[in-house]
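Heads up: the structure comes next, in C-alpha cells.
Please treat every number below as a calculation from the coordinates, not as lab data. Computed from a predicted structure; not experimentally measured. Reconstructed Cβ throughout: ideal geometry from the backbone, glycine too, with neighbour counts over all protein chains shown.
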Amino acid sequence: MAAPIVIAIDGPAASGKGTLARRIAEAYGLPHLDTGLLYRAVGARCLADGVLENEAASIAAARMLDLSTLDADSLRGAETGAAASVVAARPGVRAALLDLQRSFAAQPGGAVLDGRDIGTVICPDAAAKLFVTASAEERAVRRFRELSARGAPQSLAEVLADIKARDARDSGRSAAPLVQAEDAVLLDTTDLGIEAATEAALAIIRSRLGAR
Ligand code: CDP
C-alpha cells in the first residue's frame with residue numbers, strides 16, 4: 001500500500017489556509033480537519049456556560065468534545081474566534097485535543113490538517129508543510145467580507161483590531177505558539193486570489209511529495 005500522505009497547513013487568522021486546506025484535500029482525495037473548529041467549539045461551550053475565564057472548565061469542555069457533533073457553521077462568528085484563542089492558550093486544553101488530532105492524521109491514506117501548530121506539534125513528520133500568510137490588512141478585508149455575508153455587523157476597523165489581537169495572542173503564547181515550522185514552505189497570499197493561491201499551494205505540495 002502507498003505510504004500515507006499527511007499535509008500540514010498552518011497560518012494566522014483569515015490567511016486563507018482553511019480554503020486552501022479544503023481544496024488540497026479534495027485534490028488528493030484525503031480527509032480534512034479544520035482544527036480551529038475544535039478550539040472554537042471549546043470556546044463556544046465556555047461562552048455559553050459563562051466560564052471562559054475558568055481554566056479547569058475549559059479543559060473539561062475540551063475533554064468532552066465530540067468531533068461528530070461539531071456544527072462548523074454556527075462556530076464561525078467573531079466572538080467564538082476570540083474565545084477560541086483564549087482557551088487555545090491553555091496547555092491543558094491543547095493536551096486534551098492532541099489525541100483526537102493525531103488519530104485523525106493517522107488514518108490509513110493520510111489526511112490534511114489546518115491550524116496553528118500542525119507542522120510544529122501535531123504532525124511534525126508531515127510529508128508536506130505549508131505556512132500560509134497575508135498582511136493583516138488584507139486578512140481583515142477577507143474576514144470582514146466573510147462576516148458581512150453572514151450578516152454579522154462589525155466595522156472593518158473592528159475586524160482589523162480583532163485580527164491583530166488574535167495574532168498577538170496566538171504568536172505570543174508559550175503553549176504551541178503560532179510559528180512557521182523550519183521545514184514548512186511559506187506562501188504569502190496577500191496579492192493572490194483564491195485560484196492563484198490554490199495553484200501555488202498545489203505546486204509546492206507536489207514538489208514536496210515528489211522530493212520524498
Ligand atoms: O478561521 P480563523 O483563522 O480565524 O481561526 P481558526 O483557525 O478557526 O482558529 C481559531 C483560534 O483557535 C485561533 O485564533 C487559535 O488561537 C486557535 N487555534 C489553535 O490554537 N491551534 C490550532 N491548531 C487551531 C486553532
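General remarks:
- Per-residue [θ]222 nm for the chain (sum of -39500 (n - 2.57) over DSSP H runs n ≥ 4, rounded to 500): -16500 deg cm²/dmol
- For region 5-205, the relative contact order is 34 percent, taking Cα pairs closer than 8 Å that sit 6 or more residues apart in sequence and dividing their mean separation by the residue count.
- Share of Cα-Cα pairs in region 83-188 lying beyond 16 Å, as whole percent: 65 percent
- Loop-located GluC sites (Glu not before Pro) in region 124-188 (DSSP state not H, G, I, E or B) with no more than 13 neighbouring Cβ atoms inside 10 Å: Glu182.
- Net charge, Ala13 excluded, C-beta distance under 9 Å - Lys, Arg +1, Asp, Glu -1: 0
- Residue among Ala149, Ala184, Ala61 with the largest mean-square fluctuation in a Gaussian network model of the chain, springs linking Cα atoms under 10 Å: Ala149
- For region 1-127, the equivalent ellipsoid built from the Cα gyration tensor has semi-axes of 26, 15, 12 Å, listed from largest to smallest.
- For the chain, pairs of C-alpha atoms spaced more than 27 angstrom apart make up 28 percent of the total.
- D (Stokes-Einstein, µm²/s), Kirkwood Cα radius, region 1-59, 0.692 mPa s at 37 °C: 239 µm²/s
- Neighbours of Ala96, meaning other residues whose beta-carbon lies under 11 angstrom from its beta-carbon, give a summed charge of +2 when Lys and Arg score +1 and Asp and Glu score -1.
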